[in-house]
Structure formats: C-alpha cells, structure tokens
Amino acid sequence: MIIFNNTHAAVEIGDACHVIYYPGVHSCLARVERNAHGEPEVRGGAIFTDFNKATIQIHCASVKGRRWLTRELLWHAFNYGFVVCGCSKLIAPVPETNTRALDLNKHLGFTVETVIGGVFLDGGLLVMSMRREDCRFLDRSYLRG
C-alpha cells in the first residue's frame with residue numbers, strides 16, 4: 001500500500017536518506033506492508049523537497065530491506081513530481097560514495113548533471129536529474145507490468 005504524507009513514515013524514510021522531513025513543507029510517499037504480526041511497516045519511499053514550480057528534489061530510500069521499490073511506488077513518485085506538482089524536471093542529489101543509489105537512479109533514467117566536490121567528508125555530491133519527457137513511468141499501463 002502507498003501512503004502519502006504520513007509523518008511517522010516520512011521520518012523513517014528521512015532518517016534512511018539523511019533528509020529532515022518538515023510536515024506542511026515537504027511531501028512524502030511511502031510503501032507500507034503488514035509484518036508477520038499484522039502491523040503496518042514502512043518498507044521505503046520518497047521525500048520531495050525544494051519545490052519551485054519548475055523542479056522538485058526527490059530523496060528515496062529503503063527502510064526495511066531491498067524489496068521496497070515497486071511499480072506502484074515508482075508510478076506514484078513520478079506522477080507526483082511531474083503531474084501533480086507540474087514540474088518539468090526532478091532533481092536527485094546523491095553522495096558520490098553511495099554507489100547503490102547512483103546505480104538505481106541511472107537505471108531509472110536519471111543522468112548526472114554535475115558534481116560538487118567536497119560536500120561530504122568522504123566525497124562530493126552528484127546532482128542527478130530526469131526530465132518529464134524522459135520519464136518512462138508516467139503511463140498507467142506501467143503499473144500492470
């Protein structure tokens with residue numbers, strides 16, 4: 001199940017991707033599943049920050065394991081950024097040492113626009129982006145696989 005702007009889920013996702021979630025300022029999409037005890041558990045999701053009508057930043061993270069990113073979450077995330085917010089570009093900042101996030105973003109279609117050196121003690125920051133016209137996840141038929 002995908003939930004929107006749940007503060008508890010947003011804090012968990014924010015902790016995983018090192019982003020502070022501000023309710024009413026930022027937005028959050030989270031994938032939630034029931035655990036073995038029937039309780040809802042956040043698997044992962046995205047936090048959207050720094051909306052300026054042309055762009056919005058997207059910060060994604062897994063909270064519980066690797067099997068968090070589904071077609072449904074991808075569709076909702078890209079639909080939110082491109083359709084609901086009306087942005088022409090999504091920006092995904094990634095520490096250059098986070099090779100898993102870098103590989104995932106490249107697989108999804110993000111490209112590296114620039115690198116800002118020395119942002120972190122162990123390296124720079126990659127500024128990745130995706131234009132709306134390059135997004136292959138907006139068609140609802142993508143949900144059916």
Check LYS53, LYS89, LYS64 and return the single one that is over 21 Å from CYS135 (Cβ atoms) and surrounded by fewer than 18 Cβ atoms within 10 Å (Cβ to Cβ). LYS64
Only one of PHE51, PHE78 is assigned to a helix (DSSP H, G or I), out of contact with any helix residue (DSSP H, G or I) (no Cβ under 8 Å at 6 or more places or on another chain) and among the aromatic types (Phe, Trp, Tyr), namely PHE78
With the structure loaded, tell me whether THR97 is in contact (Cβ under 8 Å) with a residue 24 or more places away in the chain, under 13 Å from the mean Cα position of the chain (by Cα) and surrounded by fewer than 16 Cβ atoms within 10 Å (Cβ to Cβ) or whether it fails that test. no
Residues in the range 39-48: is at least one in contact (Cβ under 8 Å) with a residue 12 or more places away in the chain and among the aromatic types (Phe, Trp, Tyr)? yes
Note: among ALA16, ALA36, just one is among the aliphatic types (A, V, I, L, M) and outside any helix (DSSP H, G or I), namely ALA36
I'd like the residue in the range 11-62 that is of a type in the set (Gly, Ala, Ser) and within 17 Å of CYS85 (Cβ to Cβ) and, out of all such residues, is nearest to the chain's Cα centre (by Cα). ALA46
Give the residues of the range 120-145 that are among the hydrophobic types (A, V, I, L, M, F, W, C), without any contact (Cβ under 8 Å) to a residue 40 or more places away in the chain and surrounded by 15 or more Cβ atoms within 10 Å (Cβ to Cβ), sorted by residue number. LEU125, LEU126, VAL127, MET128
In this structure, is LEU125 touching a Pro at 6+ places or on another chain (Cβ under 6 Å) and part of a strand (DSSP E or B)? yes
Of the residues in the range 81-122, those that are assigned to a strand (DSSP E or B) and aromatic (Phe, Trp, Tyr) come to PHE120
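None of the figures in this text is laboratory data; all of them are computed from the coordinates on show. Just so it is clear, the structure is predicted and the values come from calculations on it, not from any experiment. Using ideal geometry, Cβ is built from the backbone for each residue, glycine included, and neighbour counts are taken over all protein chains shown.
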